[in-house]
Each structure stands twice: as structure tokens, then as C-alpha cells.
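Working notes, structure below.
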Amino acid sequence: MDTIQQADAARPVLEGPDIARVLTRIAHEIVERAKGADDVVLLGIPTRGVFLARRLAGKLEQITGRPVPVGSLDITMYRDDLRMRPARALARTDIPGDGVDGRLVVLVDDVLFSGRTIRAALDALGGIGRPRAVQLAVLVDRGHRELPIRADYVGKNLPTSLRETVKVQLTEEDGRDAVLLGLREPAAPGGTSRGGAPHPRARTGPADPGRPTGSSPVPHRHPAARPPRPPTPSRTGQRPRTRRTGTAPPRPPGPATTGPRNRAPSTPRETP
């Protein structure tokens, strides 16, 4: 299923006018919390986070009457899944001329999911300068956090399941403004998704034509195919060994040596 078919099957939860109102509200919240936004610097996370940051900068300029520095922050080399995914192209990092030291940096992204992208952005920002504070603004927060990260400015909280996908489309990149909610692409037979990526639980190696794909092989041997066990040669002239148990076997009764009945009769002693 290509991207166009996925977009057609998805359900829109935000349209163009909704996104515009959401960004206006976030801009007012930034001005209120920053007390004028005099030292605010907006850094967008590529790709769509950069476009959202530029839109926010324009709305902040309309509210405050002053231009707000805006740039981009590439996090590719700081991701923790570089070894698990194919190599990707590096994006551009553009820091305003005044830098970020002592400034209030607002990171801007489109969707907040597990929080690992924001963790990578914090690591990348630490190598550039030391801001006074760092805040986060996202268009959609879909939950399922894996790290203790929370957004300061949220356009829409969208409860989702792990089987669902959230796709943000912007005019600068996709030709229209929308937030689409759809179902995750199912894995195709053979342990691979329809996009060609291997399924995380797929088995690797040659397939067995005698069993279904994706099942683990179970060794089976017919009883007739098992070789017979050679008989143990018997030992002649030896008593069979008995297994010792907790108690000793009783002894056979023998002749008693004491007792009045078994005592030998005494002969009378002759008197002189």
C-alpha cells in the first residue's frame, strides 16, 4: 500500500483551519509563559517540525511586533535506532546568529510519541550551547511514552492505540494541511511488511516447505525410525544387584541361642 492509498484510508482529525487555530493558541501560550517572548528561540525538528516552527515565529511576530529567531535542529546522529534502521540522509541544522546560550529554546515537532526523538534533540542541543531553559511544543500528542518527557504546549491530545498511525501533512511538504489517523500497515506473509521491511518477530534463514511460514520447526521422529537399544549382557555367576532403599532388608531367622526352650538339657553331676 503506497502513501496515497494510506492517506485515502485514514480519517482526518484536524484540517487546515484547525491547525491554524491551534498554532495561534500555542503562540499566545508561549507569549504568556515567557512574559513577552523577548529571549525565545524556536528550533524545529526536521522535517515538518521546521515548517511548524516558522509558522509559530510568524504568529509570535504578529502578537509581539518583534521578529522571533527561528532555526532547525538535526537529530539524525543522536538517534538510538541507527543500528536498527537503514542509513538516512542528514538534515540541516540552522542556529540563529545570536545562538542559544542563556535563551529560552522552544523545540517544535509535529507528533510526540515515544519521546525518543525529543531525547535525541536534547542531546543535539547540548552540543550547541547552554540555553536558559528548554520547552517543547508539538502539534499532536498521541501518548505511549517510553521516556519521562512531557510537552509544554500541545495542539491536540489524541489518544491512540499502537495499531494506529498519526500522519501530519503540511502544505510546504505535502500540499495540504491535515492530521490523519489510520491503521498501521499489516505484515505480509513471510514475516515482512508490505513496504518490504522485515517484521521484528520474523525468522531468518531458509524456509521449510513442509510447514507454514513464520512457525518454528518442531523436531519429530517416528518411533519406528528410532534405533533399538542394544541388550545389556547378563553376568553369570553373580548375584543380581538390589537397589538400596531407606531401610535394610530383614535378616532370615537363625537358631536362637538363648531362651528356656532352646537350652540344651543339663546332665546331672555325679556325686562321689
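The values are calculated or read from the model by the stated rules, or taken from the named source; none is laboratory data. Keep in mind that this is a model prediction, so the values were computed, not measured. Note: ideal-geometry Cβ built from the backbone for every residue, glycine included; neighbour counts use all protein chains shown. Heavy atoms of the whole protein, side chains included, go into the accessibility calculation; ligands, DNA and RNA do not. Shrake-Rupley method; radii C 1.70, N 1.55, O 1.52, S 1.80 Å.
Rundown of residues vs (1) more than 20 Å from LEU23 (Cα to Cα); (2) small (Gly, Ala, Ser); (3) in contact with a Pro (Cβ under 8 Å, 6 or more places away or on another chain), yes/no style:
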position	(1), (2), (3)
THR47	no, no, no
ALA57	no, yes, yes
GLY71	no, yes, yes
PRO96	yes, no, yes
VAL105	no, no, yes
SER114	yes, yes, no
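Return yes or no: is LEU82 modelled with pLDDT of 95 or more and not in a strand (DSSP E or B)? Judged against the criteria, LEU82 is not a match.
Answer yes or no as to whether ARG184 is within 21 Å of LEU14 (Cβ to Cβ), loosely packed, with under 14 Cβ neighbours inside 10 Å and modelled with pLDDT under 95. Criteria met by ARG184. Taken over region 52-77, the residue count meeting the criterion of being within 16 Å of THR93 (Cβ to Cβ), among the hydrophobic types (A, V, I, L, M, F, W, C) and surrounded by 17 or more Cβ atoms within 10 Å (Cβ to Cβ) is 4.
Across region 116-140, the number of residues qualifying as in contact with a strand residue (DSSP E or B) (Cβ under 6 Å, 6 or more places away or on another chain), open to solvent by 20 Å² or more (accessible area, probe 1.4 Å) and not basic (Lys, Arg) comes to 4.
If you check VAL22 against the conditions, is it touching a Gly at 6+ places or on another chain (Cβ under 9 Å), more than 23 Å from ASP123 (Cβ to Cβ) and surrounded by 15 or more Cβ atoms within 10 Å (Cβ to Cβ)? Yes; evaluated as a whole, the condition is true for this residue.
Restricting attention to region 143-181, the residues that are open to solvent by 20 Å² or more (accessible area, probe 1.4 Å), in a loop (DSSP other than H, G, I, E, B) and either without any contact (Cβ under 8 Å) to a residue 12 or more places away in the chain or under 13 Å from LEU52 (Cα atoms) (or both) add up to 3. The residues on offer are GLY102, GLY97, and the sole one that is loosely packed, with under 12 Cβ neighbours inside 10 Å and more than 17 Å from the chain's Cα centre (by Cα) is GLY97.
Inside region 25-46, can you point out the residues that are surrounded by 17 or more Cβ atoms within 10 Å (Cβ to Cβ) and in contact with a Phe, Trp or Tyr (Cβ under 6 Å, 6 or more places away or on another chain)? Selection gives ILE26 alone. Please go through region 86-142 and give me each residue that is part of a loop (DSSP other than H, G, I, E, B), under 28 Å from LEU181 (Cβ atoms) and at pLDDT 95 or above, ordered by number. PHE113, SER114, GLY115, ARG142 - these are the residues of region 86-142 that are part of a loop (DSSP other than H, G, I, E, B), under 28 Å from LEU181 (Cβ atoms) and at pLDDT 95 or above.
This table checks each residue for (1) at pLDDT below 95; (2) touching a helix residue (DSSP H, G or I) at 6+ places or on another chain (Cβ under 8 Å); (3) farther than 18 Å from ASN157 by Cα.
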| residue | (1), (2), (3) |
| --- | --- |
| ARG11 | yes, no, no |
| GLU29 | no, no, no |
| LEU43 | no, yes, yes |
| ALA53 | no, no, yes |
| VAL70 | no, yes, yes |
